[in-house]
1. Rank these for me by crowding, T33, T104, T63, T134, going from fewest to most other beta carbons within 10 Å.
2. If you take the beta carbon distance between N38 and Q110 as r and set R0 to 25 Å, what does 1/(1 + (r/R0)^6) give as a FRET efficiency, to the nearest 0.05?
3. Assuming a viscosity of 1.567 mPa s and a temperature of 4 °C, what translational diffusion coefficient in µm² per second does Stokes-Einstein assign to the chain, Rh being the Kirkwood radius over Cα pairs?
4. Suppose R0 equals 35 Å. What FRET efficiency, 1/(1 + (r/R0)^6) with r the Cβ-Cβ distance, do L124 and R56 give to the nearest 0.05?
5. Stretched out fully, how many nm does the piece from Q135 to R29 gain, at 0.36 nm a residue minus the Cα gap?
6. Among V128, V102, V43, which one moves the most in a GNM of the chain with springs linking Cα atoms closer than 10 Å?
7. Give the distance, in whole Å, between the Cα centre of the stretch 68-123 and the Cα centre of the stretch 18-43.
8. Gain in length, D94 to A11, computed as 0.36 nm per residue apart minus the alpha-carbon separation, to one decimal in nm?
Amino acid sequence: MNPQNPPYGEALVILLIEDNPAHAELIRRNFETHRIANRLIHVTDGEMALDYLFRRGAYADSTRSPRPHLILLDLRLPKIDGLDVLKTIKASQDLRAIPVVVLTTSEAEQDALRAYQQHANSYLVKPVDFHQFTQLMEELGVYWLVWNYYSWP
């Protein structure tokens, strides 16, 4: 692991914003297997995601809602759409530097374009094949949390 990304010894925190429990479980298991994150925080809708990130309601205690080093964001979310969540994150001075990877089943060019217009750091389509999905999760974690140089807030 690159000792500069994040501060050496600090737990890696990934915020997973995913409403599909099966997808969330696959991601959790893959990260656990490959020791990609020390802490994976999972929320199931856009409203919960923004409450977590802005430390509102149940997430008001900052010791229980640490800033993530990476956000994995599904586009099709209940309550608040993923693109609106992305737009809100990137409009916030406190949050905009956190890398946001859109992780979705949508292969629609328009969805990818809109995500990049809202300053997504990456747009990945979830493979249907289990082994390809597993490989994608491993490579995603290595790239964003090991190889990608980033000055953590």
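No value in this document is a laboratory result; all are computed from the given coordinates. As the structure is a prediction and not an experimental result, all values here were calculated from the model. Backbone-built Cβ (ideal geometry, glycine too); neighbour counts: all protein chains shown.
1. In increasing order of surrounding Cβ atoms, one gets T63, T33, T134, T104.
2. About 0.10, to the nearest 0.05.
3. 83
4. That pair, L124 with R56, gives E of 0.80.
5. Residue separation times 0.36 nm, minus the Cα-Cα distance, leaves 36.9 nm.
6. V128
7. 18
8. 27.9 nm
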